[in-house]
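First the structure, in the form of structure tokens, and then the observations on it.
The values are calculated or read from the model by the stated rules, or taken from the named source; none is laboratory data. Keep in mind the model is a prediction, meaning the values are calculated, not measured. Don't worry about glycine lacking a Cβ; one is built from the backbone with ideal geometry, like all the others, and counts go over all protein chains shown.
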Amino acid sequence: MVSASLALAVNLLAPPAHAQSVNTDIRQLSIEELANVEITSVSRRPEPLADAPAAIFVISAEDIRRSGAINLPEALRLAPNLEVARINGFSYTISARGFNSTSSANKLLVLVDGRSVYSPLASTVFWENLDVPLADVARIEVISGPGGTLYGANAVNGVINIVTKDAGETQGALLDAVAGTSDTKVMARYGFAPWDGGSLRLYGQVSHANSTSPLSTLDVSRTAWARNQAGFRLDQKLDADNLTLQGDVFANSEPATESKRNRGYNLHGRWSHALKSGSSLEMQVYNDENTQIVPGQLREQLDTFDLQVQHNTALWWNDTFIWGGEYRHSKEAIYSSTVFFANPVTHLDIENLFAQDSFRLFENLRVTTGIKIENSSHSNVEFMPDLRFTWAVADNHMVWASVSRAVRTPSKIDRELESPGVLLPSPRFHSEKLTAYEAGYRGQPLADLSLSVSLYYNLYDDLRTTFYQPVTIMPLQLRNGITGDNYGAEAWAKYALTDWWRLSLGANWLQRTEKLKPGRRDMTFGQSLGQDPPYQAQLRSEMNLLEDWEFDAALRSIGHVKARDATTGNTKVLVGAYTEVDLRFGWHATKTTEISLQGFNLLHARHLEFNDPSGYAPQYVPRAFMLNLRQSL
Amino acid sequence: MRLRLPMLALSGLIFAVNARADVSLEYAVKAAYIPKFIPFITWPDAAFAAPNAPVTICVLGADPFGGKLEQTAGELKSGDRAIVVRYLPAPDASVSCQVIFMGKGDETIAEGALDAVKGKPVVTVTDSGLKAHGMISFVVAANHVRFDIDEAAAAQGGVAISSKLLGLARAVKPRGQP
């Protein structure tokens, strides 16, 4: 898949949120808004998101603004199909359908405009370095469930697609400044048209998040986070071609102690070409480099080059066929004084080919089927097939079902990490596998009510264990040894009570059963599988008061996290259930000035969201107040 | 004012199901545009049979909108005037149209119709992909539906197009240009 929105054009995942052929709502858009509706996402057969046979939740730019989110992970709390837990000042862990912890949230793929920010080196996403300016985000598409056929390996439990605005939509100057009890941020952007058909934006963003307070008096770690990032995006429109070139550069650090320093850059080009036949061709290439340094202990460096090509066409009448391929090369280097790699520098090569076709089997029944075949130098050839059905039951009511397979491929850490006497390397560690059965309903039971319900049954195999020796315990070894049998449900609804008051409700529920395979052992049973609350629920209210005022409220309630103690085998509550409330008053002082006062986590002075003894020391998330100014020129 | 895009609209966009998926999004967008142009356009009084006569949008040839145009039109008014849609298989001088939409069907029909209403207070709207251009011509550029305005042709027909709409157009051919 070439770009995020591109892949979405296809079936599994619909085109841009506003690209839906849902005419009732298209009709309500103003002329300005109509001009921004993306009508064909390359396949030239735009699909209503309503028809996408997957659990997809779209966070719009407006949702983000009204949430008052200061950073990307906070904005992701809007998605009812995600688990978002803040660990400390800089770190978050995010997952879908379980496995949420710093070491196990390795089954969620995250893309920014089609560029993967999932680290194959550590099998995780370093959220602290993903500082996309929220004012430039067009939408975030959150898919829970496998997306391997289009997105490839590691899209096991979900995919997050962050889509930034076209440079043409961000013309002029913008200042977005936040001052608060725990965060400050200043973002400045300037967009202009350097020549005919071209638009360019430049931005810079500086932010600071305070260190959070520790659970344990023994924890003296400082987790403040100072970020500096700048970047650009250039879009060039030609008759049948769109060209995009974008890039970012960042340098982040723990400011007081310099105990953690990260830096990196990316440069990313995309080209799409509409062919006369109505089909289209897309290509993208990027280079992404980032370095993480823990002085005296660790230096991690990942340098990735990626090339993707995709062709969207039709095989016969009225179907949508897409196929393409990808080549990726990553140079992975870890130099550490605490852990050891026989080869500090390794090279990861990934090649894949995929094809997917979507066709109407009967008037109301559409079938989407495809496969991705991926070869990685860290694992064997993997097959990721997918079969999906969409049944339009009636006007405004759709039911979908799917069965698919996805894999989480081994990382350098899985296979090569060693520590003499303590940990053996695991050269035979192979992919973790998922076979997922899903079904869902999406529709509009009432004119002002939209509803989505998804059910899933996930069968995992070869999940990672920490094997210990029968008598001596040490040395440990990472192995594939757990099967999982998980099921759950996700639901969300949006209801417009009046034209000035809107409610959104979202919830998920997860039931997990994991078992050790015969003869296997696990040192940290439970912990290595993540920390998941059995339920999460949220209610959001957005009111437009008078002409210029907005009053927004969000309530979220998260169940407790239990884990089995590695030594005693008893289960205990690691993170208590919590309920929190956020409030926001927004005032559009002038056409170009917006001032808002925001309060986060108002019910308690502090609360705990995450407590994994094997990860960062647990720290409390504080109550926070922020004042935000957005000034455009 | 600021983009006060009702969340409702967006949520609907995301979730609603369109069982009649035959009309592409492109034409749904175009069908939403056309009636929304009307409040920005001023016709001479002589263009209407009566002070309260409706603004009539005529769709020439095949209907690419699958009935969607009527739905939008039915929800809007222009001042005191209702907005109605007529479908004309061929140009018909006996029908009073204030807006004529010419679809992609036949280039010669479109050209003939443009000629026939030239200099008259009839706002001609041409589909994207046509060689012939009306006062308003749709353009599909970079996956977005935009429109160009030929203000000179409008002025020739005695039709005034507000500067707001001109500002929203992708390109404007100003008055006084051949």
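If you check residue A:426 against the conditions, is it under 20 Å from the mean Cα position of the chain (by Cα) and within 18 Å of residue A:344 (Cα to Cα)?
Criteria not met by residue A:426.
Could you give me the residue pairs with C-beta distances under 6 Å whose first residue belongs to the stretch B:24-36 and is at the interface with chain A (Cβ under 7 Å from one of its Cβ atoms) and free of Cβ contacts under 8 Å to residues at least 60 places away in the same chain, whose second residue is surrounded by fewer than 23 Cβ atoms within 10 Å (Cβ to Cβ) and not in a loop (DSSP other than H, G, I, E, B) wherever it lies, and which are 6+ apart or on separate chains?
Note: pairs meeting the criteria are B:36/A:31.
Go through (1) in a loop (DSSP other than H, G, I, E, B); (2) within 26 Å of residue A:124 (Cα to Cα) one by one and return the number of the condition residue A:301 breaks.
So residue A:301 meets the others, but not (1).
Can residue B:108 be described as polar (S, T, N, Q) and crowded, with 19+ Cβ neighbours inside 10 Å?
No; evaluated as a whole, the condition is false for this residue.
Considering every residue within the stretch A:517-533, establish whether at least one is touching a Gly at 6+ places or on another chain (Cβ under 8 Å), in a strand (DSSP E or B) and of a type in the set (D, E, K, R).
Looking through the stretch A:517-533, none of the residues is touching a Gly at 6+ places or on another chain (Cβ under 8 Å), in a strand (DSSP E or B) and of a type in the set (D, E, K, R).
Count, please, the residues in the stretch A:144-184 that happen to be of a type in the set (A, V, I, L, M) and closer than 15 Å to residue A:405 by Cα.
Within the stretch A:144-184, residues that are of a type in the set (A, V, I, L, M) and closer than 15 Å to residue A:405 by Cα number 5.
Out of A:118, A:151, report the one residue that is aromatic (Phe, Trp, Tyr), away from chain B (no Cβ under 14 Å) and touching a helix residue (DSSP H, G or I) at 6+ places or on another chain (Cβ under 9 Å).
Being aromatic (Phe, Trp, Tyr), away from chain B (no Cβ under 14 Å) and touching a helix residue (DSSP H, G or I) at 6+ places or on another chain (Cβ under 9 Å) holds for just one of A:118, A:151, which is A:151.
Of the residues A:542, A:547, which is closer than 26 Å to residue A:60 by Cβ, within 14 Å of another protein chain (Cβ to nearest Cβ) and assigned to a loop (DSSP other than H, G, I, E, B)?
Step by step, each of A:542, A:547 is checked, and only A:547 is closer than 26 Å to residue A:60 by Cβ, within 14 Å of another protein chain (Cβ to nearest Cβ) and assigned to a loop (DSSP other than H, G, I, E, B).
Name the single residue that is nearest to the other protein chains (Cβ to nearest Cβ) among those in the stretch A:493-536 being within 30 Å of residue A:573 (Cβ to Cβ) and of a type in the set (Lys, Arg).
A:512
With respect to the numbered conditions (1) within 14 Å of chain B (Cβ to nearest Cβ); (2) free of Cβ contacts under 8 Å to residues at least 40 places away in the same chain; (3) of a type in the set (Ser, Thr, Tyr), which one is the sole condition not fulfilled by residue A:280?
(2)
Looking only at helices (runs of 4 or more DSSP H) that fall completely inside the stretch B:76-178, which ones have 3 or more residues that are within 14 Å of chain A (Cβ to nearest Cβ) and within 17 Å of the chain's Cα centre (by Cα)?
Working: elements: B:107-116, B:151-156, B:163-168.
The helices (runs of 4 or more DSSP H) meeting that bar are B:163-168.
Out of all the residues in the stretch B:59-75, which are touching an Asp or Glu at 6+ places or on another chain (Cβ under 8 Å) and part of a strand (DSSP E or B)?
none
With the requirement that a residue be under 21 Å from residue A:217 (Cβ atoms) and in a loop (DSSP other than H, G, I, E, B), what does the stretch A:591-622 give you?
Listed by number, the residues that qualify are A:604, A:605, A:609, A:610, A:611, A:612, A:613, A:614, A:615, A:616, A:617, A:618.
If I filter the stretch B:17-52 down to residues being among the charged types (D, E, K, R) and at pLDDT 85 or above, which single residue comes out as farthest from residue B:164 (Cα to Cα)?
Narrowing the stretch B:17-52 to residues among the charged types (D, E, K, R): B:20, B:22, B:26, B:30, B:36, B:45.
Subsequent filtering for residues that are at pLDDT 85 or above retains B:30, B:36, B:45.
Numbers: B:30: 18, B:36: 12, B:45: 22 Å.
Filtering first and then ranking leaves B:45.
Here is a yes/no grid of residues against (1) away from chain B (no Cβ under 14 Å); (2) over 17 Å from residue A:63 (Cβ atoms):
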{"position": "A:554", "(1), (2)": "no, no"}
{"position": "A:587", "(1), (2)": "no, yes"}
{"position": "A:590", "(1), (2)": "no, yes"}
{"position": "A:600", "(1), (2)": "yes, no"}
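Consider residue B:69 carefully, then state whether it is of a type outside the set (Phe, Trp, Tyr), buried (at least 16 other Cβ atoms within 10 Å of the Cβ) and within 29 Å of residue A:274 (Cα to Cα).
Values: of a type outside the set (Phe, Trp, Tyr): yes; buried (at least 16 other Cβ atoms within 10 Å of the Cβ): yes; within 29 Å of residue A:274 (Cα to Cα): yes.
Here the answer is yes, as residue B:69 does meet what is asked.
Which one of these is within 12 Å of the chain's Cα centre (by Cα), more than 10 Å from chain B (Cβ to nearest Cβ) and modelled with pLDDT of 90 or more: A:73, A:80?
A:73
Only residues that are modelled with pLDDT of 90 or more and either basic (Lys, Arg) or surrounded by 20 or more Cβ atoms within 10 Å (Cβ to Cβ) (or both): list them for the stretch A:545-563, please.
A:550, A:552, A:554, A:556, A:558, A:561
Could you identify the single residue in A:189, A:139 that is crowded, with 19+ Cβ neighbours inside 10 Å, in contact with a Ser or Thr (Cβ under 8 Å, 6 or more places away or on another chain) and within 14 Å of chain B (Cβ to nearest Cβ)?
After ruling out the rest, the residue left standing is A:139.
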